[in-house]
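Heads up: the structure comes next, in structure tokens.
The values are calculated or read from the model by the stated rules, or taken from the named source; none is laboratory data. Quick caveat: nothing in here was measured; it's all calculated off a predicted structure. Reconstructed Cβ throughout: ideal geometry from the backbone, glycine too, with neighbour counts over all protein chains shown. What goes into the accessible areas is simple: the full protein's heavy atoms, side chains included, and nothing from ligands, DNA or RNA. Shrake-Rupley method; radii C 1.70, N 1.55, O 1.52, S 1.80 Å.
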Number of protein chains: 2
Amino acid sequence: MRYAVLGTGVVGQALAGKLVSLGHEVRMGSRSKDNPAALEWAQKAGPGASTGTFADAAGFGELIIEAVGGHVALAALQAAGAEHLDGKVVIDTSNKLEAMEGGGMRLAPLDDIGSVGEQLQREFPRARVVKTLNTLNFGVMTDPAAAPGAHQVFLSGDDAAAKEQVRALLGEFGWPGERVLDLGGIETARGVELMMPMWLTLYGNFGHGNFNWQVQAMD
Amino acid sequence: MRYAVLGTGVVGQALAGKLVSLGHEVRMGSRSKDNPAALEWAQKAGPGASTGTFADAAGFGELIIEAVGGHVALAALQAAGAEHLDGKVVIDTSNKLEAMEGGGMRLAPLDDIGSVGEQLQREFPRARVVKTLNTLNFGVMTDPAAAPGAHQVFLSGDDAAAKEQVRALLGEFGWPGERVLDLGGIETARGVELMMPMWLTLYGNFGHGNFNWQVQAMD
């Protein structure tokens, strides 16, 4: 299958690299077609890997993974072009983080948008937005065993078939179906995005990102 | 030991009842000294249970548990009186929830205060505020087995000795020390308070509150 991965950071590289290793064709998109990080990634990733602008990548991909920061997620999809998103599953992995004075990161206020996931779905009503993978470190996304024991990823989105497609993709990444928790519509993206301050606290305390959440619930 | 429990709702009643059953003396405080819910609770709880105003209770308690809604937590402590809080451990269990139009609850914006925990510590600098127990349902607070498997409670506060005292109290409630995760200073209350939208989503999906969080982390 053909994937677009928008973003050249650690999340984009982790997801794009895993997809290539699984035998998929992956085009990594960025603002410019000659982004050095993207070109270096493609050279290392080998056959199946290509690069281009956000629009090049989105036009290429049958499924689109948005893996940029939450502040620029909307701009990245606008650059990708609504015509390249229509009817496609668009996975939003982003968190709206901002640098604090004196160092460190924090979650930007979300009250004006609800959540990045909702914002993207509002702006691109014909895209099938699924929020997922924003509650865990990039290393755990494609290697669940990087955090011990049983733990979960979450899905938020209005399109049930899109969520099933994402669940299957997460299965390829190593997440069995019972560890993929469907939260409901895209409005539930707000809850998972607001977990980020706690995530940042834990990250600071542990000194690494090899952890994840497990919701323990009675049947 | 003598405890004040400020608040007559389900959280206050669960905590106050458990404390009495453990053999402690508990005064439940509310805005008026003849609050019907408090009087009824004390009658049922039996020896060790008493009631009074917020100030009566706070004056009585060696340790104070604030178990009112986050919107009125500050007002409750103001009514209790700073002189009754000075040097004491004040446990803040609250979440700043508000009713939505059309039903349901949501987390009120926190950006103006950071978190209720921080707000209370700022307003009462000589109180030793510890945020805990706000990330789980009242039934699980004093009966961890109400949610299956291993799961955790969190501590946030600036006073290490106060947190140790709260950890011991949580031990009396049934939480072994290794399931009580000290997050750091009171500023970490923001992260646990912002987990509430996700908690509300899960509560709506499960249809009950018998669930809780487990952070799975590599050593």
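Brief remarks follow.
- For residue B:87, the label point sits 7 Å beyond Cα toward Cβ; its separations from the matching points on the remaining copies run 7.5 nm, from shortest to longest.
- Only Cα pairs under 8 Å and 6+ residues apart enter the sum, and on that basis the relative contact order of chain A stands at 17 percent.
- Other-chain or far-sequence residues with amide H under 5 Å of residue A:28's (modelled H): A:5, A:50, A:51, A:52
- Dipole magnitude (debye, nearest 20) for segment A:2-206, charges at Cβ of Lys, Arg, Asp, Glu: 320 debye
- In terms of its C-alpha gyration tensor, the protein assembly as shown comes out prolate, because a/c is 1.5 or above and the ratio a/b outweighs b/c.
- Computed over neighbours whose Cβ is under 12 Å from that of residue B:164, the net charge equals +1, Lys and Arg +1, Asp and Glu -1.
- Whole-Hz couplings from phi, Karplus 6.51/-1.76/1.60, listed for segment A:16-30; x for Gly and Pro: 5, x, 5, 4, 4, 5, 7, x, 8, 8, 10, 10, 8, x, 8
- Listed residues A:22, A:133, A:77, most fluctuating in chain A (Gaussian network, C-alpha, under 10 Å): A:22
- Electrostatic tally near residue B:189: other residues with Cβ closer than 15 Å to its Cβ, Lys and Arg +1, Asp and Glu -1, net -4.
- Here the Gaussian network model covers chain A, with springs between Cα atoms less than 10 Å apart; of A:102, A:59, A:174, A:102 fluctuates the most.
- Segment B:2-206: antiparallel DSSP beta bridges as a percent of all, rounded to 5: 15 percent
- Peptide A:193-205, shielding by other chains (average Cβ, 10 Å cutoff): 6
- When restricted to Cα atoms, chain B yields an Rg and a Dmax of 16.2, 51 Å, respectively.
- Only Cα pairs under 8 Å and 6+ residues apart enter the sum, and on that basis the relative contact order of segment A:130-219 stands at 42 percent.
- Computed with a 1.4 Å probe over protein heavy atoms only, the accessible area of residue A:182 comes to about 60 Å².
- Each copy carries a label point for residue A:98 at 7 Å from Cα along the beta-carbon vector; from one copy to the others these points are 2.1 nm apart, nearest first.
- The mean number of Cβ atoms from other chains found within 10 Å of a Cβ in peptide A:109-122 is 1, as a whole number.
- Note on chain A: helix-only mean residue ellipticity at 222 nm, from DSSP H runs of 4+ residues weighted -39500 (n - 2.57) and normalised by residue number, equals -10000 deg cm²/dmol.
- Put simply, the amide H of residue B:155, placed in the peptide plane, has neighbours under 5 Å in B:181, B:182, B:183, leaving out anything fewer than 5 places away on its chain.
- Here the mean projected area of the convex hull built on the C-alpha positions of segment B:93-201 is 7.3 nm².
- A simple count of charges around residue A:115, restricted to other residues whose Cβ falls under 12 Å of its Cβ and scoring Lys, Arg +1 and Asp, Glu -1, yields -2.
- Of the trypsin sites (Lys or Arg not before Pro) in segment A:1-105, those whose Cβ has at most 15 other Cβ within 10 Å and which sit in DSSP loop: A:31, A:33
- For residue A:40, the point set 7 Å out from Cα toward Cβ sits 6.7 nm from its twins in the other copies, listed from shortest up.
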